[in-house]
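Okay, structure first, notes after.
The values are calculated or read from the model by the stated rules, or taken from the named source; none is laboratory data. Here the structure is a predicted model, which means the values were calculated and not measured. All Cβ positions, even for glycine, are placed from backbone atoms using ideal geometry, and neighbour counts span all protein chains on display.
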Amino acid sequence: MNNSFVNTAKLLGAGLRALLVLTLMTGVAYPLIITGIAQAAFHDKANGSEIKADGKVVGSSLIGQSYNLPLKKGQETPEPDLKWFQGRPANGLGSNSVNTRYKLILSGATNLAADNKDLIKQVEDAKAAVVRDNSVPGYRVKPSDVPADAVTSSGSGLDPAISPRYAELQVHRVAAKNGLSVAAVEKLVRDHTEGRTLGFMGEPRVNVLELNIALKDLAAKR
């Protein structure tokens, strides 16, 4: 009995020592080392790819945001604030951080089939809205001008970028709403257009949050 008790105590002691050592190694030392490496080598990405404006964090370059007017009394669906470039239609977008409000709600897609009547109506309504909202005196948008990303959401519902074609389609409206020249806003879009990753992956794109921050700065200098 004594030998059995002693052996059990030794095994228990060895197990507790192993637990303590492994806890310190995998639960303390390893996370600290990895965090240190991430902060040193990938500081921006490790902290969520934050975007700052006026000294404040206003969002992430990886998460799209909506740019809407405040809800009116009795209104359930907000109207887009047309002085800003608009992103893709999507579910789960954060609030407009240009006005220093940023909150992630959720992420998700519609999961509707391509021939679903509800989805078809959503796309048709979105196309009509894009044509209506972006047609200003001297510049008329045709339905055939509307690119796919202007009327469809991404799989996550949080796509932060739009195509250069969709950004260019919005230039005249944004210029008119902000009292800026079309040429100045077109240059803004060109300056914020990113090419394919490594020259061959993905498509050219424009980050909407970064573009709107630059637009805000440009309008302030008007």
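Say whether the condition of being of a type in the set (Asp, Glu) and either more than 30 Å from Pro80 (Cβ to Cβ) or surrounded by 11 or more Cβ atoms within 10 Å (Cβ to Cβ) (or both) is met by at least one residue in the stretch 47-56. Yes.
For every residue, the table says whether it meets (1) more than 30 Å from Asn212 (Cα to Cα); (2) not β-branched (Val, Ile, Thr).
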position	(1), (2)
Thr8	yes, no
Leu12	yes, yes
Leu16	yes, yes
Thr23	yes, no
Ala38	no, yes
Ala41	no, yes
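Looking across the stretch 61-84, the residues that are among the polar types (S, T, N, Q) and touching a helix residue (DSSP H, G or I) at 6+ places or on another chain (Cβ under 8 Å) come down to Ser61, Gln65. Just the residues that are among the small types (Gly, Ala, Ser) and at pLDDT below 85, please, taken from the stretch 67-100. Hits for the stretch 67-100 are Gly74, Ala90, Gly92, Gly94, Ser95, Ser97.
Within the stretch 208-221, residues that are in contact (Cβ under 8 Å) with a residue 12 or more places away in the chain sit with their Cβ atoms under 8 Å from residues that are assigned to a helix (DSSP H, G or I) and among the charged types (D, E, K, R), at 6+ positions apart or across chains, in these pairs: Ala214/Asp191. For first residues located in the stretch 150-170 and at positive phi, partners that are surrounded by fewer than 19 Cβ atoms within 10 Å (Cβ to Cβ) and not aromatic (Phe, Trp, Tyr) and lie 6+ apart or on another chain with Cβ distances below 6 Å form the pairs Gly157/Asn91; Gly157/Gly92; Gly157/Ser107; Gly157/Gly108; Gly157/Ala109.
Looking at Leu82, Leu20, Leu69 in this structure, which one is of a type outside the set (Gly, Ala, Ser), farther than 30 Å from Val131 by Cα and out of contact with any Ser or Thr (no Cβ under 7 Å at 6 or more places or on another chain)?
Only one candidate qualifies: Leu20.
Note on the stretch 140-222: enclosed helices (runs of 4 or more DSSP H) holding 3 or more residues that are out of contact with any Lys or Arg (no Cβ under 6 Å at 6 or more places or on another chain), more than 18 Å from Pro80 (Cβ to Cβ) and at pLDDT 95 or above are 182-191. Residues in the stretch 43-58 that are part of a strand (DSSP E or B) and in contact with a helix residue (DSSP H, G or I) (Cβ under 8 Å, 6 or more places away or on another chain): Glu50, Ile51, Ala53, Val58.
If the condition is being aliphatic (A, V, I, L, M), without any contact (Cβ under 8 Å) to a residue 24 or more places away in the chain and in contact with an Asp or Glu (Cβ under 8 Å, 6 or more places away or on another chain), then the stretch 171-207 contributes only Val171. Filtering the stretch 177-207 to residues that are hydrophobic (A, V, I, L, M, F, W, C) and surrounded by 18 or more Cβ atoms within 10 Å (Cβ to Cβ) leaves Leu180, Val185, Leu188, Val189, Val206.
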